[in-house]
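Contents: one structure, followed by commentary.
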Amino acid sequence: MAGVDLSRWAGVPGKKARLYRLFYQFGPGDGLGMFLPVDHGLEHGPGDFLPNPPSADPDYILRLALEGRYSAVVFQYGIASRYYAPFAGRIPLVLKVNGKTNIPPADEPISPLTSTVEDAVRLGADAVGYTLYVGSPRQDEDFRQFLQVRREAERFGLPVIVWAYPRGRYVEEKGGRDSLYAIEYAARVAAELGADLIKVNVPEFVPEKMARSPKPYDSTVLDVKEAIARVVWAAAGVPVLVSGGSKIGDEDLLARATASLEGGAVGLIFGRNIFQRPYDEAVRLSHRIFEMMRTLRTAGAKV
Ligand code: FBP
């Protein structure tokens, strides 16, 4: 299995040092990452915290990230600027620099800027996160906005993690946001535009939706490991992180996580699947995922 190869950033010491912290000093290490993203209060509303009400408190999330042995937490600016200081240096931060609510219709999405790379540096973040809605009717605006973030990130030496999310009405016409066609394409676009890391959802193969995808995607059915391997291939060497999506059972989540890593992902970025569980259960599950990653890495190293 893969791990982040820092030699790719040999000429950019700022990015390399921060990626070293994220992928070698914290979390499972050895090139692998385990991230806890909690921007759902903005993206989906506080209803996402109702299954486990204490999770609405960012201090709770930071304690969970520390005890769960994560590589980093991911927050929006308002939360990071009020809650991160007591944890700075103890658990890395990824600052999400754009975001939106899910209240307007999802047919023409764009995620506007909510903070800057300079904010991220001041807060002590080790990377910034940017949601790119590939295929949206507003994609041209999104590309220009991303260009600005990518240039600032290069100037400050911060890695950019792109949430490569195919979205909008045209994507739905071609098989939907979870189709292999759309996710593979979004990962490639993120690589083409200069992402340092790419975050994707696991492709789904729903026959009625797939039928709307271009050939050969209309008839390609893969398991999780094979599907992630395809996305990793499309990403042209840019390391891939896999999202969790809505909450599923422990064993299903572990199976999906294992298959994703075996498919070549360098890490996991699970939000609801962790914080919607009661604290002790979330810590236990995080430790199981951590151990699974260490075991796979060790097995891989022997090959
Ligand atoms: P989950 O693991 O809970 O899916 O979180 C990952 C994430 O990318 C969050 O950062 C973000 O809030 C959310 O998913 C966006 O999901 P969607 O685009 O499906 O609304």
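Just so you know, all these numbers are worked out from the coordinates, no wet-lab data involved. Note that this is a predicted model, so its numbers are computed, not measured. Ideal geometry is used to build each Cβ from the backbone, glycine not excepted, and the neighbour counts take in all protein chains shown.
Would you order L268, L158 from fewest to most other beta-carbon atoms within 10 Å of each residue's own beta-carbon?
Numbers: L268 30, L158 26.
Placing the least packed residue first, the sequence is L158, L268.
Percent antiparallel among DSSP beta bridges with both residues in the chain, to the nearest 5? Let's see the in-between values first.
Numbers: 2 of 30 bridges.
Counting DSSP beta bridges with both partners in the chain, the antiparallel share is about 5 percent.
Provide the percentage of antiparallel DSSP beta bridges, counting only those with both residues in the range 1-140; round to the nearest 5. Could the numbers behind the result be given before it?
Details: 2 of 11 bridges.
Counting only bridges with both partners in the range 1-140, antiparallel ones make up about 20 percent.
For every helix of n ≥ 4 consecutive DSSP H residues, a contribution of -39,500 (n - 2.57) applies; sum these over the chain, divide by its total residues, and give [θ] at 222 nm rounded to the nearest 500 deg cm²/dmol.
Values: 13 runs with 129 residues, N = 303.
Mean residue ellipticity, 222 nm, calculated: -12500 deg cm²/dmol.
Alpha carbon centre of the range 87-110 versus the range 169-188: separation in Å?
Using only Cα atoms to place each centre, the spacing works out to 21 Å.
Neighbour counts of other C-beta atoms within 10 Å: give me H287, H40 arranged from fewest to most. Could the numbers behind the result be given before it?
Numbers: H287 13, H40 19.
Least crowded to most crowded, the residues run H287, H40.
From the alpha carbon gyration tensor of the chain, can you work out the equivalent ellipsoid semi-axes (sqrt of 5 times each eigenvalue) and give them in Å, largest to smallest?
Numbers: eigenvalues 133, 100, 86 Å².
For the chain, the ellipsoid semi-axes come out as 26, 22, 21 Å.
Which order do F23, F290 fall in if you start with the one that has the fewest other Cβ atoms within 10 Å?
Numbers: F23 28, F290 20.
Lowest count first: F290, F23.
Anything in the chain that counts as a DSSP H helix reaching 30 Å or more along its axis (C-alpha) with Kyte-Doolittle mean of at least -1.0? List them, would you? Mind showing how you got there, number by number?
Numbers: long enough: 279-302 (35 Å, -0.47).
Span-like helices in the chain: 279-302.
At most 16 other Cβ atoms within 10 Å and a DSSP loop assignment: could you name the trypsin sites (Lys or Arg not before Pro) in the range 161-217 that fit? Mind dumping the intermediate values first?
Values: sites: R167, R169, K174, R177, R188, K199, K209, R212; in loops: R167, K174, R177, R212.
Hits after loop and neighbour filter: R212.
Mean separation of Cα pairs under 8 Å and 6+ residues apart, divided by the residue count of the range 200-269: what relative contact order is that in percent? Don't jump to the answer; show the numbers that get you there.
Values: 72 pairs, mean separation 27.2, N = 70.
The normalised contact order for the range 200-269 reaches 39 percent.
Are any of the pairs K15/K209; K96/K215; K96/K174; K16/K209; K16/K215; K16/K174 more than 32 Å apart by Cα-Cα distance, and if so, which? If you can, show how the numbers build up before the last one.
Numbers: K15/K209 39 Å; K96/K215 35 Å; K96/K174 29 Å; K16/K209 40 Å; K16/K215 39 Å; K16/K174 38 Å.
From K15/K209; K96/K215; K96/K174; K16/K209; K16/K215; K16/K174, over 32 Å: K15/K209; K96/K215; K16/K209; K16/K215; K16/K174.
Can you give the relative contact order of the range 6-302 as a percent, counting alpha carbon pairs under 8 Å and 6+ residues apart?
Details: 586 pairs, mean separation 51.7, N = 297.
That works out to 17 percent.
Report the Cα-based extents of the range 186-303 along its three principal axes, largest first, to the nearest Å.
Principal extents (Cα only, largest first): 45, 34, 28 Å.
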